[in-house]
Amino acid sequence: MKSTAPRVTHRVAVIGGDGIGPEVIAEALKVVRAGGVELDTTFFDLGGARYLRDGEVLSDDTLAALGEFDAILLGAVGTPGVPPGVIERGLLLKLRFSLDLYINQRPFTGTAPGHTQPHSFVVIRENTEGSYAGEGGVLRKGTVHEVATQGSVNTRFGVERCIRYAFELAAQRERKHVTLVHKTNVLTFAGDLWQRTFDAVATEFPQVGVAYNHVDAACIYFVQDPHRYDVIVTDNLFGDILTDLGGAVSGGIGLASSANLNPARTGPSLFEPVHGSAPDIAGKGVANPLAAILSAALMLDHLGESATADAIRAACNAPVSGSTIAVGDEICRRLQGNR
């Protein structure tokens, strides 16, 4: 009797979060399983609603538990009534910093308004330094003499590993090109570090073409000429802003997926749609689950299930409409029809 190797089961922590998060994550998990990938899922109740209920954001014990999984799939977090920064810094940034998720990878494929040909580029955003590192403070708060500072932390170590990842990715792609996006003419300290590091790493990849854009020019090119880009590498803040614009010119933020990666694999990586929790439409069954589904495909790439990830992306290419559940069902039908 011929033996068959058992399917690998991947242990995935699931954070549905707030608003539409649980709805879109449910569809993403349904699609992954329809693609034939086995997941052992554990659900964690984290987000704005949890904070409002009992004051919990992300305890050290929960963080340690999350660190034992193969990957983390996150829906969206954010609830009206939670002060700004509580969830962002206490949950999202704490996960990024503690798990060393130093690469934020966001792919964009679509046809921008006013264009007839599709574009395909990926933004590599440094994910653990820059303006989000938390350097700064407030002096004499609430007075007419108040002073607020917000520093940007840029280390050669952090910048180089991000840039090197971008070049390694570009070397595997057809166009083999990397564009550095920064503001070197004004941010002369951080910008100089990024530019010198970029130039140094580029010498190790002679097969990869290079370019530089100021971030304000890149915003224009995203709209007017997105085809010029293949791989973009940039700092934390610029990457956050640019990738929302990337979603807008690639079919909408409801299609924008992202991977928060620990390429060294010293812990799990985290995958999430770029969109927010959209509390105004939560529970109505009208949220677009495609960004969550495509984020799950990025998770499958990371877990060594690239064939299924590619099949999911192909199934999402053709137009689809309907309720949240109906869209998930249609993607499942397409996947199973191609198996």
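Tabulated data for the structure shown
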item: Complete set of residues in the stretch 28-72 that are touching a Cys at 6+ places or on another chain (Cβ under 9 Å) and either among the small types (Gly, Ala, Ser) or in contact (Cβ under 8 Å) with a residue 24 or more places away in the chain (or both); result: Lys30, Val31, Ala34, Gly35
item: Selection status of Gln224, in contact with a Lys or Arg (Cβ under 7 Å, 6 or more places away or on another chain), surrounded by fewer than 15 Cβ atoms within 10 Å (Cβ to Cβ) and not aromatic (Phe, Trp, Tyr); result: no
item: Scope the stretch 83-102; condition farther than 17 Å from Leu73 by Cβ and either assigned to a strand (DSSP E or B) or of a type in the set (A, V, I, L, M) (or both); matching residues; result: Val86, Ile87, Leu93
item: Qualifying residue in the stretch 120-141 (condition: assigned to a helix (DSSP H, G or I), outside the structural domain of Ser295 (by TED's automatic domain parsing), under 30 Å from Arg11 (Cα atoms) and under 19 Å from the mean Cα position of the chain (by Cα)); result: yes
item: Residues satisfying the stated conditions in the stretch 215-231, i.e. closer than 12 Å to His119 by Cβ and in contact with a strand residue (DSSP E or B) (Cβ under 6 Å, 6 or more places away or on another chain); result: Pro226, His227, Tyr229, Asp230
item: Number of the condition not met by His275 [criteria: (1) surrounded by 18 or more Cβ atoms within 10 Å (Cβ to Cβ); (2) modelled with pLDDT of 95 or more; (3) not in a helix (DSSP H, G or I)]; result: (2)
item: Residue, nearest to Leu187 (Cα to Cα), within the stretch 198-211, restricted to residues that are surrounded by fewer than 17 Cβ atoms within 10 Å (Cβ to Cβ) and of a type outside the set (A, V, I, L, M); result: Asp199
item: Test for Phe157: is it loosely packed, with under 13 Cβ neighbours inside 10 Å, of a type in the set (Phe, Trp, Tyr) and either outside any loop (DSSP other than H, G, I, E, B) or without any contact (Cβ under 8 Å) to a residue 24 or more places away in the chain (or both); result: yes
item: Residues of the stretch 65-84 that turn out to be of a type in the set (Val, Ile, Thr) and more than 17 Å from Arg50 (Cβ to Cβ), as a count; result: 0
item: Restricting the stretch 229-255 to residues that are surrounded by fewer than 21 Cβ atoms within 10 Å (Cβ to Cβ) and small (Gly, Ala, Ser), the residue that is nearest to Ser120 (Cα to Cα); result: Gly251
item: Checking Ala217 against (1) buried (at least 17 other Cβ atoms within 10 Å of the Cβ); (2) without any contact (Cβ under 8 Å) to a residue 40 or more places away in the chain; (3) small (Gly, Ala, Ser), the condition it does not meet; result: (1)
item: Condition check for Gly239: closer than 30 Å to Pro80 by Cβ and either not aromatic (Phe, Trp, Tyr) or not in a strand (DSSP E or B) (or both); result: yes
item: Sole exception among (1) in the same structural domain as Gly247 (by TED's automatic domain parsing); (2) out of contact with any Gly (no Cβ under 9 Å at 6 or more places or on another chain) for Pro83, by number; result: (1)
item: Segments classed as helices (runs of 4 or more DSSP H), wholly inside the stretch 281-339, with at least 2 members that are basic (Lys, Arg); result: 324-337
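Listed here are the residues, each with its yes/no results for (1) in the same structural domain as Leu237 (by TED's automatic domain parsing); (2) small (Gly, Ala, Ser); (3) surrounded by fewer than 16 Cβ atoms within 10 Å (Cβ to Cβ).
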site: Thr9; (1), (2), (3): no, no, yes
site: Gly17; (1), (2), (3): no, yes, no
site: Ala34; (1), (2), (3): no, yes, no
site: Thr42; (1), (2), (3): no, no, yes
site: Gly55; (1), (2), (3): no, yes, yes
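The values are calculated or read from the model by the stated rules, or taken from the named source; none is laboratory data. This structure is a prediction, so every number in the text was calculated from the model and none was measured. Cβ atoms come from the backbone with ideal geometry, glycine included; neighbour counts cover every protein chain shown.
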